[in-house]
Amino acid sequence: MSDASGAKGAKPGDGAGGTGGTGDGGGGGGVNPEKDLAASNLPGQRGDGGEEIRVQRGMFGANNGGDTSGYGGLVRSVRLPGPSNRPYGGWFDEVADELEGALEEQGLLPENAIDKTIVDRGELTFHIEREHLVRVASTLRDDPALRFELCTGVSAVHYPNDKGRELHAVYHLRSITHNRLIRLEVSAPDSDPHIPSLVPVYPTNDWHERETYDFFGIVFDGHPALTRIMMPDDWQGHPQRKDYPLGGIPVEYKGAQIPAPDQRRSYS
């Protein structure tokens, strides 16, 4: 997550939706929406596609004079990809069909559980309504045609300007049986940062959920022991949220006093 991969290595896909990528890395033919030349070197360009959640100014988005990069004049849109259209390409359609069919067999309408499906840069992501996360994950694990036996963890991204869904939890699921990799993404508002725990479905998520709670403040309901794992128990706040103060301490270097990052002057 740039904003799309964010801290902790989450990668909720941040390109234009509906490009019809393929399961073997097709991703819309590799053509950059804004520039055809050297498209592979410009991964963040998507023109007016997707959903704009904010406009970033400067290299790092600092707005308190702390951007000392020399690129304070840069202005760019931060966009999330919109839903993709069928056909998705490759085995993506097969997985989507099997998942929707399995949910229907359980009496759950797929559109009530799956908010949107995104194919971006050769990767498949299902955005799941949080109240249906456990059932969808169990279906992906247990259905013979799906068999996503392994969840490699949960990470998170914080989008302060994505109103009503500021916190995004991202799960990477791998099918060892079928050699496939997909992603689930679930959002929650800052005002109600609760998402069901997947530890009953994927026990290896135990410490991953603790770390995501520690750094982002997402409360995983049903976790067997949701406590901080990196920061001290009495630490205030969640350090990888984008509204967390930059902070820092002044450093003395060869007789010169270097101020903390949030106190440095801007050169732009």
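The values are calculated or read from the model by the stated rules, or taken from the named source; none is laboratory data. Quantities reported herein were computed from a predicted structural model and do not represent experimental measurements. With ideal geometry, Cβ positions are generated from the backbone for all residues, glycine too; neighbour counts draw on all protein chains shown. Remember, those area values only see protein heavy atoms, side chains included, never the ligands or the DNA or RNA. Shrake-Rupley method; radii C 1.70, N 1.55, O 1.52, S 1.80 Å.
Just to confirm, what accessible area per residue do you get for the range 120-186 at 1.4 Å probe, in whole Å²?
Numbers: 2400 Å² over 67 residues.
Averaged over the residues of the range 120-186, the accessible area is 36 Å².
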By how many nm would the segment from Lys163 to Gln263 grow when fully extended, if each residue of separation counts as 0.36 nm and the alpha-carbon distance is taken off?
33.1 nm
Which values, in whole Å and largest first, are the semi-axes of the equivalent ellipsoid of the range 124-268 obtained as the square root of 5 times each eigenvalue of the Cα gyration tensor?
36, 16, 16
Residues other than Asp221 with Cβ under 12 Å of its Cβ, Lys/Arg counted +1 and Asp/Glu -1, net out at -2
Starting from 0.36 nm per residue, how many nanometres of slack lie between Leu246 and Asp192 once their C-alpha separation is accounted for?
17.0 nm
Mind running the shape call on the range 158-231? Use the C-alpha gyration tensor, a ≥ b ≥ c as the square roots of the eigenvalues: rounded below 1.5 for a/c, prolate if a/b tops b/c, oblate otherwise.
oblate
For the pair Thr177/Met230, report the inter-label distance in nm, with labels modelled 7 Å from Cα in the Cβ direction.
3.4 nm
Under the Karplus curve 6.51 cos²θ - 1.76 cosθ + 1.60, θ = phi - 60°, whole-Hz ³J(HN,Hα) for the range 81-93, x wherever Gly or Pro sits:
x, x, x, 8, 9, 6, x, 7, x, x, 7, 4, 5
Cα extents of the range 115-156 per principal axis, largest first, Å, are 27, 24, 19
Multiplying the sequence separation of Ser77 and Asp142 by 0.36 nm and subtracting their Cα-Cα distance, what value in nm do you get?
19.4 nm
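Just to confirm a number: summing +1 for Lys and Arg and -1 for Asp and Glu over residues other than Arg130 whose beta-carbon lies under 12 angstrom from that of Arg130, what do you get?
Details: positive: Arg135, Arg165; negative: Asp115, Glu129, Glu131, Glu185, Asp192, Asp221.
With Lys, Arg at +1 and Asp, Glu at -1, the neighbours total -4.
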With the full set of protein chains in place, find how many percent of the accessible area of the range 127-268 is carbon and sulfur; take the probe as 1.4 Å.
53 percent
